[in-house]
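Peer 1: Sharing a structure below in structure tokens format, with a few things to ask.
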């Protein structure tokens, strides 16, 4: 992320209704110091948030979150492949972003785009987004818009309303003086015509160079989201060199125009541009809207609210922190809008705002991995809740003093207009990954929510005992408020990472991607980077670090699934016969059970227990058992076995009893049955909760 947002003192009780405006100088944002100059393409002077390019002289205790699905993780583009795509230019950071349709995975990084078939995870395309330089003329994805360079800060999302991919990337041409007609800034936008990226794409360029009070500004670090009617793009404005000021944030609203000859129909769209800096000058991300009809109207809005912009930068009154929220109402101007309504929501004392965001340690050396700043990374609106994620520096608890991913859920049901009623906090929490390694830093988080209300967060992590890797954690809708399940590191770091091109910033991120699977609106997919094995240094440097990106997928359900396996030994009875009954309760979904588990075996007059249940037994009928973990009781009709000991993911627990069969002077067949009680261990499947064994019995 490119910004260092300076905390502002909150003026409590002030509510602001913004009007659309352009061209007003705002304060509150500070561009970070540019990286040292290195041989570059025409993209201009490198800086945080933009692809940093160099071309050598010659080419070169909680519940357990579910494990990745079969076939994952899938390695995608890496530091070396990026160099191949660009004709020999290398860049940091990768800025990994990804989106998913029912048939394809699409991922972008600084300078490149790829996509994969989901059926067999075969890569079908890898190419530049822009192009590297005039000499090589490598054609890029956005060639229809004649990009001036490789572009930077790309993002991709999937529009589930229209089943299309949406891609943005940024272009900046720096003349070296300010103002200058040679300075230029554009947002390049592409929309696929369906869920298959191999088909037709529609392109449009948006002007993003602004002259405010005689100073030229360019767009950086885009936000990207959709609702049922429009595409929303936000960006932060920074002055072209040598100026160092900022001009706040802007919002572009692009109508889809599917049935009216607009962008989605292969035509062009007339965008609406708004200054959304507001009172609280935080970098803002638009919320991706889910649900038929989008945001609901309320008495204090028009009949067509659009999306919500969310920002956090450590805004504090000295005690509590606040999240900035802007409702975008009537985005297409059907009722005289767009209208903007801003307020802040208190989230309590969650962040030591006096501390800057610390960079992360890594195993193998003293060079830190850059974690950037406190800004919001993405947001989702769904089912009357606004969800978002950022980074904080906790002042208490196991994550004290560490860069830590943090998430919020806000209730928007009382009034979608935040001025009429500030959004109240439902729950929030840290994702500290201390269960993975003590002293773990978590950063670059992204968030998604499925139709069941389950939450997924993907993030980067690193510690003094680990290399920088890619991870996720989930929480189910029924989990205790504010809790998150265990960390799953799906692509652990493989080596020490240093790649700063001779500068002082060991860049990482600037973001990650977490998305809900549109195939069922329940599963989740994650796209992020990790440190791969070190490579060879580029000419003129000694750095060996390399990054690699990868995909992971987890499939619903995210709850345990238990099934019983009953065995009777022997199962052939002649007259009165001693035999053993064992029941193995197996977990099938690779998820730890939670809560008690109960198994019933119906009583029958033809068999009885030999004495009482033996909790000390470790072997029954030649089968190893866990009788100490199980308790026995009975009622008029059933033998009842229960345990409160969790059955580990993919493992089992077995109990057993000795019994005597005596059917008197009769013969035939009898099914002895075991049944797991519905909801045992937090499972929600019942069609595999019964198992039986048939006993053949004869007269002696």
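Peer 1: Give me the distance in nm between label points sitting 7 Å out from Cα along the Cα-to-Cβ direction at residue 198 and residue 211, one decimal.
Peer 2: In this crude spin-label approximation the distance works out to 4.8 nm.
Peer 1: Next up: Under a crude label model (7 Å from the Cα following the beta-carbon direction), how far is residue 119 from residue 300 in nanometres?
Peer 2: 5.2
Peer 1: Taking neighbour Cβ counts within 10 Å as the exposure measure, how do 334, 529 sort from fewest upward? Could the numbers behind the result be given before it?
Peer 2: Working: 334 12, 529 29.
The order, fewest Cβ neighbours first, is 334, 529.
Peer 1: Would you compute, from DSSP H runs of 4+ residues alone, the mean residue ellipticity of the chain at 222 nm, taking -39500 (n - 2.57) per run and dividing by the full residue count, rounded to the nearest 500? Don't skip to the answer; put the middle values down first.
Peer 2: Values: 1 runs with 7 residues, N = 700.
Rounded to the nearest 500, it is 0 deg cm²/dmol.
Peer 1: Once the Cα atoms of region 479-623 are picked out, what are the Rg and Dmax in Å?
Peer 2: 27.3, 89
Peer 1: Ok, one more. Return the FRET efficiency for the residue pair residue 578, residue 638: r is the Cβ-Cβ distance, R0 is 25 Å, and the value is rounded to the nearest 0.05. If you can, show how the numbers build up before the last one.
Peer 2: On the way: r = 22 Å, r/R0 = 0.88.
After rounding, the FRET efficiency stands at 0.70.
Peer 1: So how much slack lies between residue 400 and residue 478, counting 0.36 nm per residue of separation and subtracting their Cα-Cα distance, in nm? Before the final figure, lay out each step's value.
Peer 2: Details: separation 78, 0.36 × 78 = 28.08 nm, distance 2.78 nm.
Between residue 400 and residue 478, full extension yields an extra 25.3 nm.
Peer 1: Looking at the chain, what % of its DSSP beta bridges pair antiparallel, to the nearest 5? Could you put the intermediate results ahead of the total?
Peer 2: On the way: 185 of 193 bridges.
If I count the DSSP bridges inside the chain, around 95 percent turn out antiparallel.
Peer 1: With the calculation restricted to Cα positions, what are the radius of gyration and Dmax of region 253-402 in angstrom?
Peer 2: That works out to 19.0, 60 Å for Rg and Dmax.
Peer 1: Take the Cβ-Cβ distance between residue 139 and residue 533 as r, set R0 to 51 Å, and report the resulting FRET efficiency rounded to the nearest 0.05.
Peer 2: Values: r = 31 Å, r/R0 = 0.61.
It comes out at approximately 0.95.
Peer 1: Let me ask something additional. So between residue 612 and residue 690, what do we pick up on full extension, going 0.36 nm a residue minus the alpha carbon distance? Kindly include the intermediate steps, with their values, before the conclusion.
Peer 2: Values: separation 78, 0.36 × 78 = 28.08 nm, distance 2.43 nm.
Result: 25.6 nm gained on full extension.
Peer 1: Extending each Cα 7 Å along its Cβ direction at residue 425 and residue 384, get the distance between those two points in nm, one decimal.
Peer 2: 2.1
Peer 1: Candidates (i) 17, 46, 32, 5, 0; (ii) 16, 36, 31, 15, 1, 0; (iii) 18, 46, 23, 11, 2, 0; which is the computed P(r) over Cα pairs in 20 Å bins from 0, in percent?
Peer 2: Among (i) 17, 46, 32, 5, 0; (ii) 16, 36, 31, 15, 1, 0; (iii) 18, 46, 23, 11, 2, 0, the one calculated here is (iii).
Peer 1: Listing 116, 312 from the residue with the fewest other Cβ atoms within 10 Å to the one with the most, what is the order? Walk me through the intermediate numbers first.
Peer 2: Working: 116 23, 312 31.
By the 10 Å Cβ count, ascending, the order reads 116, 312.
Peer 1: Given R₀ = 25 Å, what would the calculated FRET efficiency be for residue 700 paired with residue 571, taking r from the Cβ atoms and rounding to 0.05? Intermediate values should be presented prior to the final figure.
Peer 2: Values: r = 17 Å, r/R0 = 0.67.
Computed FRET efficiency for residue 700 and residue 571: 0.90.
Peer 1: Give me 263, 150, 368 sorted ascending by neighbouring Cβ count inside 10 Å, so fewest comes first. Please report the intermediate quantities before stating the final value.
Peer 2: Working: 263 23, 150 31, 368 17.
The fewest-first ordering by Cβ neighbours comes to 368, 263, 150.
Peer 1: Still on this structure, please answer the following. Given N residues in region 228-324, what is its alpha carbon radius of gyration divided by 2.2 N^0.38 Å?
Peer 2: Values: Rg = 16.5 Å, N = 97, 2.2 N^0.38 = 12.5 Å.
That ratio works out to 1.32.
Peer 1: What whole number of Å gives the distance from the Cα centroid of region 483-510 to the Cα centroid of region 629-699?
Peer 2: First find each Cα centre; the distance between them is then 49 Å.
Peer 1: While we're on this one: How big, on average over all directions, is the shadow cast by the Cα convex hull of region 562-698, in nm²? Intermediate values should be presented prior to the final figure.
Peer 2: On the way: hull surface 31.1 nm².
Taking the Cα atoms of region 562-698, their convex hull projects to 7.8 nm² on average.
Just so you know, all these numbers are worked out from the coordinates, no wet-lab data involved. All values reported here derive from a predicted model rather than from experimental measurement. Note: ideal-geometry Cβ built from the backbone for every residue, glycine included; neighbour counts use all protein chains shown.
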